[in-house]
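Engineer: Quick one: the structure is below, and I'll ask about it shortly.
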Amino acid sequence: MSDDLDDLRRERRKFSSKNISVTIIDEATDTGSETFLCRSKDISADGMKIISHCPMALGHELPMEIDLGEMWAVIDVVAEVKWCLEIDDAPTFYIGIKLINIEQENLQVWRKYVEML
């Protein structure tokens, strides 16, 4: 990641590799949702960098559920795709997402989760 992108970060990052299930909810159609099993690489109080095998459109706002695992919770958020970088021919992508709409209770769970990493 470039130094320019690092300069845009407001929250302290934790570099933790965790399995996180992200379900993107398609509110525009009746097709339901799509679930990605992602690996987190870089987590903060306001977002994360994930590894995925599917690209995501920049600027797109995604209603999603983030499953933090058995000891935690599934939280509902709206996240914005800030950047998407293809890193190999598999294909594999690094995707930067920012949490832009999250209920206070879910925000508290998220922040506690990040603290515990």
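Nothing in this text is a laboratory measurement; each read-out follows from the coordinates by a stated rule. None of these values were measured; they are calculated from a predicted model. Positions of Cβ are backbone-derived with ideal geometry, glycine not excepted, and every protein chain shown enters the neighbour counts.
Per-residue answers, yes or no, for (1) free of Cβ contacts under 8 Å to residues at least 12 places away in the same chain; (2) of a type in the set (Lys, Arg); (3) surrounded by 14 or more Cβ atoms within 10 Å (Cβ to Cβ):
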site	(1), (2), (3)
Trp72	no, no, yes
Ala79	no, no, yes
Glu86	no, no, no
Gly96	no, no, yes
Ile102	no, no, yes
Gln108	yes, no, no
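Engineer: Among the residues of the stretch 82-117 satisfying the criterion of being in a strand (DSSP E or B) and out of contact with any strand residue (DSSP E or B) (no Cβ under 6 Å at 6 or more places or on another chain), which is farthest from Ile24 (Cα to Cα)?
Structural biologist: If we take residues in the stretch 82-117 being in a strand (DSSP E or B) and out of contact with any strand residue (DSSP E or B) (no Cβ under 6 Å at 6 or more places or on another chain), then Asp88 is farthest from Ile24 (Cα to Cα).
Engineer: Identify the single condition in (1) under 13 Å from Val22 (Cα atoms); (2) surrounded by 17 or more Cβ atoms within 10 Å (Cβ to Cβ); (3) out of contact with any Cys (no Cβ under 6 Å at 6 or more places or on another chain) that Asp46 does not satisfy, given that it satisfies every other one.
Structural biologist: Condition not satisfied by Asp46: (1).
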